[in-house]
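The values are calculated or read from the model by the stated rules, or taken from the named source; none is laboratory data. Everything numeric in this text was worked out from a predicted model, so none of it was measured. As a convention, Cβ positions derive from the backbone with ideal geometry for all residues, glycine included, and neighbour counts pool all protein chains shown. Remember, those area values only see protein heavy atoms, side chains included, never the ligands or the DNA or RNA. Shrake-Rupley method; radii C 1.70, N 1.55, O 1.52, S 1.80 Å.
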Amino acid sequence: MVVLVTGANGQLGQAIQYIAKNYLNLNFVFCNSTDLDISNKENCQAVFRKIKPDFCINAAAYTAVDKAESEQDKAELINVIGAKNLAETCKELDTKLIHISTDFVFDGSNNTPYTENQIPSPKGVYGQTKLDGERAIQNVFSNYYIIRTSWVYSQFGNNFMKTMLRLASERTSLSVVNDQIGTPTNAVDLADCLMTIISSQYPTPNTQYGIYHFSNEGQCSWYDFAKVIFEINQVNIDLIAIPTSEFPTPAERPKYSVLDKSKIKSTFGITIKNWQESLKSIEL
């Protein structure tokens, strides 16, 4: 079975490459933006016709949340048009699509975990383009799994964990917001989840397509996350909790974006690690 992965150089793309050796029954083809430009439909079609993938994991995305506020066209090109191009190409070649989305499709006004049935209401350009990308896929065909996730980090790429450790090496104190609540997600755990979904297609295809939520279990603030990062890595730093109002950003973040994972756990029999336990497993 051939699995084409877009966004190979991104955090999730690298995480999938990291675990690919554990799935010898799958033939992975990893494409970066040079190999496959998802904003160009003709390029998508040419690559797909050559590779003939059974599955496409779309890990390519414009994820610069703040820059998206001033680069809306660029965000739309990748997150909306790119998603639509992949969906149309997947439909044409009978390829199943796994598309990665985000907790930013919600406005953060909840105080209980978001289910897949709740109505999205993004606050910024990034969240809106990711939601529009979801809808573009849904308008094309039904053979998709849209996986919304949150606060992704890993030993790969740029992320909150690596930023905290870098800043801690440069400073004696750090201020981190403590009034945004969500769940950190280890990209390797997310990658393993996607492999479980793909493996569920054989010998009998699991055709329970649709939107699913995945993150690690539990919840915390960014301050709590930073505190545990430093504890695990034995970093001694003066960590200061501050409200979001003291750290203004171009894009407004959801105050609460914990995702309910009941659906993905019951549908695919997935056991999910607690975020603290998973953080300890990171190999830096």
Selected residue (criterion: nearest to Gly10 (Cα to Cα)) from residues of the range 146-189 that are assigned to a helix (DSSP H, G or I) and touching a residue at least 60 places away in the same chain (Cβ under 8 Å): Ala187
Single residue of the range 254-284 satisfying the filter (among the basic types (Lys, Arg), closer than 20 Å to Asn186 by Cα and in a loop (DSSP other than H, G, I, E, B)) that is farthest from the chain's Cα centre (by Cα): Lys273
Helices (runs of 4 or more DSSP H) (entirely within the range 1-77) containing at least 1 residues that are of a type in the set (Phe, Trp, Tyr) and open to solvent by 30 Å² or more (accessible area, probe 1.4 Å): 11-19
Among the residues listed as Leu284, Leu239, the single one being aliphatic (A, V, I, L, M) and open to solvent by less than 80 Å² (accessible area, probe 1.4 Å): Leu239
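Considering only residues that are in contact (Cβ under 8 Å) with a residue 60 or more places away in the chain and part of a helix (DSSP H, G or I), look in the range 244-253 and name the one that is surrounded by the most Cβ atoms within 10 Å (Cβ to Cβ). Talk me through it step by step, then tell me what you get.
Residues of the range 244-253 that are in contact (Cβ under 8 Å) with a residue 60 or more places away in the chain, as a first pass: 244, 246-247, 249-253.
The next check asks that each one be part of a helix (DSSP H, G or I); those that pass are 244, 246.
Values: Thr244: 15, Glu246: 10.
The extreme case among them is Thr244.
So which residues in the range 115-133 are within 19 Å of Val258 (Cβ to Cβ) and not aliphatic (A, V, I, L, M), if there are any at all? Working first, answer last.
Taking the range 115-133 as the starting set, the residues that turn out to be within 19 Å of Val258 (Cβ to Cβ) are 115-124, 126-127, 130-131.
Hits for the range 115-133 are Thr115, Glu116, Asn117, Gln118, Pro120, Ser121, Pro122, Lys123, Gly124, Tyr126, Gly127, Lys130.
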Failed item in (1) surrounded by fewer than 18 Cβ atoms within 10 Å (Cβ to Cβ); (2) within 20 Å of Val2 (Cα to Cα), with Ile198 passing the rest: (1)
Close pairs from the range 222-243: first in contact (Cβ under 8 Å) with a residue 40 or more places away in the chain and within 17 Å of Ser154 (Cα to Cα), partner open to solvent by 50 Å² or more (accessible area, probe 1.4 Å) and in a helix (DSSP H, G or I), Cβ under 7 Å, at least 6 apart: Val228/Gln276; Ile232/Lys280
Options Val152, Val140, Val105: the member that is open to solvent by 30 Å² or more (accessible area, probe 1.4 Å) and under 27 Å from Lys263 (Cα atoms): Val152
Selection from the range 201-231 of residues that are more than 16 Å from Tyr23 (Cβ to Cβ), open to solvent by less than 10 Å² (accessible area, probe 1.4 Å) and in a loop (DSSP other than H, G, I, E, B): Phe214, Ser215, Asn216
